[in-house]
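**Student:** Structure below; questions to follow.
The values are calculated or read from the model by the stated rules, or taken from the named source; none is laboratory data. On a predicted model such as this, the values are computed, not experimentally measured, just so you know. All Cβ positions, even for glycine, are placed from backbone atoms using ideal geometry, and neighbour counts span all protein chains on display.
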Amino acid sequence: MAIRAAVYLRISDDQAGEQLATGRQRKDCLEFCERNGWEVADVFEDIDYSGFTGKRRPGFESMLAAVREGEAGAVVAWKIDRLHRNLRDFVRLDETCAAAGAIIRTLADGVDTSTPSGQMVATMLVAQGRMESANTSTRVKRAMAQHAAEGKPRFGPYRAFGYDRRMDQIEPDEAEFIREAVRRLLAGETLYSICRDFNARGSRTSRCNEWSPTTLKRVVTSAYISGQREHLGVLSPGKWEAIISPQDLKRVRAMVAARARPGRPALSPLAGIIKCGVCHQTMSHWVQPVRPRRYRCSKQPGALNCGHVTVAADPVEKAVGEAVLVVVEGVELPTVAADNSAAADAIIAIEADMAELAGDYYNRKLIGKVEFLSVRDDLQAKLDKARAALARVPASNRPVKQVGRDEWEAMDVGTRREIAAMLLDRVEVLPAPKVGRVPFDPKRLVFIWRA
Ligand SMILES: [Zn+2]
């Protein structure tokens, strides 16, 4: 019985001459089937201009279905990189083919999974794909659990308005300004008019600047003023005194969000991540009233920027988001921070005991060696146990949700940025090949992932 083959073509739509190449792909694949006496079950085709555009590939999915249902016993493609958009897709294809007993053949690079060497190439690709996603998801999970487990304030370069430098004490005058701003906002006053009044009365930000609606908004919508910590959009109790109640924070946030003009994100989701591909300096987020948002390498006195690269913000953010989503999809996010303070305190206490014990034996010579060793082993066992307890976040404290496309799209800009920065060292933007307004070319992006 003749083998029935599913021919798969992937076409880039943004390259000159690619149409020709597609014609050749198709012709070669069909000729190959004919030469081998294979019957062409169907030709599946997708248009896809980059590995990271996140466009659905209906052709690819239909091809998988055809293999699964036994309509095709072989998948034929021009080249292995035409066959899969990312390694995860290749893993799916390989699994589907293995389960259905179908083979994969590519013409240009000669992969043939019916032979041992072809199977090895496929196995290596699959292993690589699995390893990549396992490593990144373990790393992301670890980073998230660790962040969520800390109840401590995070210290930035500047003091938080309303508190002293260590957040041990409230600054009474500043706290009063915060309460007043919250009261007035909830009563319907605008950020702008409150700023004007505060500036006139001599109030200054913690960086000693006059208030602007942006800086005031940042303070009154910050979790810290309600004694809470915020990580990845999750609020958890902090270890410092609150200036306003968590309920008031919620109301202020709702109020400010309701008034915000749509389509103007306060923060760029790529802040600090996007760099110029020519001079490697940070690109700035360029917001102008009428034109679409852009990122640009902005040449300024005192800056090392070259000023040669500008790019539209939306397609870049979309492409980076899709790239990150490929990695974080399926990763579990903690939705409630775990309270690990008891375990952490226990470790500190045991370590102090061990230090004292060592002092009693080595320095003060209060105890003998046998006694020292016996007590030390005892303490070491306790310490191991406490460390294990700290590492193991109790399941009941940690409801999790899996990240999918919907969750990702529902995340706020800050959360997305935080996740992107965890995975990506930077994304460099190469100059546009032509001057003037040209459609965005995803090939201009160079992703540098964290090792
Ligand atoms: Zn530059």
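**Student:** Looking at Gly59, Gly23, Gly37, Gly70, can you tell me which residue is more than 21 Å from Phe90 (Cα to Cα) and either in a strand (DSSP E or B) or at pLDDT 80 or above (or both)? Give the steps one after another, and end with the answer.
**Tutor:** Working: Gly59 fails: more than 21 Å from Phe90 (Cα to Cα); Gly23 fails: either in a strand (DSSP E or B) or at pLDDT 80 or above (or both); Gly70 fails: more than 21 Å from Phe90 (Cα to Cα).
Going through Gly59, Gly23, Gly37, Gly70 in turn, the sole match is Gly37.
**Student:** Quickly run through the stretch 284-305 and pick out the residues that are within 24 Å of the chain's Cα centre (by Cα) and basic (Lys, Arg).
**Tutor:** Listed by number, the residues that qualify are Arg293, Arg294, Arg296.
**Student:** Out of the residues in the stretch 291-310 meeting the condition of being of a type in the set (S, T, N, Q) and assigned to a loop (DSSP other than H, G, I, E, B), tell me which one is nearest to Val435 (Cα to Cα).
**Tutor:** As a first pass, look at the stretch 291-310 and keep what is of a type in the set (S, T, N, Q): 298, 300, 305, 310.
With assigned to a loop (DSSP other than H, G, I, E, B) added as a condition, the list becomes 298, 300, 305.
Details: Ser298: 17, Gln300: 21, Asn305: 19 Å.
Result: Ser298.
**Student:** Spot the failing condition for Ala65; the list is (1) part of a helix (DSSP H, G or I); (2) modelled with pLDDT under 85, and only one is missed.
**Tutor:** Among (1) part of a helix (DSSP H, G or I); (2) modelled with pLDDT under 85, the lone unmet condition for Ala65 is (2).
**Student:** Still on this structure, please answer the following. Here are the criteria: (1) within 21 Å of Ala65 (Cβ to Cβ); (2) modelled with pLDDT under 75; (3) charged (D, E, K, R). Tell me which single one Asp14 does not satisfy.
**Tutor:** (1)
**Student:** Quick check: is even one residue across the stretch 309-319 more than 16 Å from the ligand (Cβ to nearest atom), of a type in the set (Lys, Arg), surrounded by fewer than 17 Cβ atoms within 10 Å (Cβ to Cβ) and modelled with pLDDT of 80 or more?
**Tutor:** Keep residues of the stretch 309-319 that are more than 16 Å from the ligand (Cβ to nearest atom), which gives 312-315, 317-319.
Keeping just the survivors that are of a type in the set (Lys, Arg) gives 318.
Now narrow it down to the ones that are surrounded by fewer than 17 Cβ atoms within 10 Å (Cβ to Cβ): 318.
Imposing the further condition that a residue be modelled with pLDDT of 80 or more reduces the set to 318.
Yes - at least one qualifying residue is present in the stretch 309-319.
**Student:** Need the failing condition index for Val413 against (1) β-branched (Val, Ile, Thr); (2) modelled with pLDDT of 80 or more; (3) surrounded by 15 or more Cβ atoms within 10 Å (Cβ to Cβ), just the number.
**Tutor:** The failed condition is (2).
**Student:** In the set Ile274, Ile194, Ile225, which member is modelled with pLDDT of 85 or more and under 22 Å from Arg165 (Cβ atoms)?
**Tutor:** Details: Ile274 fails: under 22 Å from Arg165 (Cβ atoms); Ile194 fails: under 22 Å from Arg165 (Cβ atoms).
Selected residue: Ile225, the only one of Ile274, Ile194, Ile225 that is modelled with pLDDT of 85 or more and under 22 Å from Arg165 (Cβ atoms).
**Student:** What's the number of the condition Ala420 fails, among (1) among the aliphatic types (A, V, I, L, M); (2) modelled with pLDDT under 75; (3) touching a Pro at 6+ places or on another chain (Cβ under 9 Å)?
**Tutor:** That leaves (2) as the condition not met.
**Student:** In addition: Give the residues of the stretch 199-227 that are within 20 Å of Arg253 (Cβ to Cβ) and part of a helix (DSSP H, G or I), sorted by residue number.
**Tutor:** If we filter the stretch 199-227 for residues that are within 20 Å of Arg253 (Cβ to Cβ), which is where we start, we get 205, 211-227.
Pro213, Thr214, Thr215, Leu216, Lys217, Arg218, Val219, Val220, Ala223, Tyr224, Ile225, Ser226 - these are the residues of the stretch 199-227 that are within 20 Å of Arg253 (Cβ to Cβ) and part of a helix (DSSP H, G or I).
**Student:** If you don't mind, another one. Is there any pair linking a residue in the stretch 94-116 that is over 13 Å from Trp38 (Cβ atoms) and assigned to a helix (DSSP H, G or I) to one that is polar (S, T, N, Q) and modelled with pLDDT under 85, with Cβ under 9 Å and at least six apart or on different chains, and which?
**Tutor:** Here the result reads Asp94/Thr113; Asp94/Thr123; Cys97/Thr113; Ala98/Thr113, each pair linking the stretch 94-116 to a residue that is polar (S, T, N, Q) and modelled with pLDDT under 85.
**Student:** Considering only the stretch 269-294, state which residues are more than 8 Å from the ligand (Cβ to nearest atom), crowded, with 16+ Cβ neighbours inside 10 Å and free of Cβ contacts under 8 Å to residues at least 60 places away in the same chain.
**Tutor:** Thr282, Ser284, His285, Trp286, Arg293, Arg294
**Student:** Among what's in the stretch 360-384 and is surrounded by 14 or more Cβ atoms within 10 Å (Cβ to Cβ) and under 42 Å from the mean Cα position of the chain (by Cα), pick the residue that is modelled with the lowest pLDDT.
**Tutor:** It comes out as Leu383.
**Student:** Can you pull out the residues in the stretch 295-306 that are more than 13 Å from Gly277 (Cβ to Cβ) and within 14 Å of the ligand (Cβ to nearest atom)? Before the answer, list the steps.
**Tutor:** Residues of the stretch 295-306 more than 13 Å from Gly277 (Cβ to Cβ): 298-304.
Passing the criteria: Ser298, Lys299, Gln300, Ala303, Leu304.
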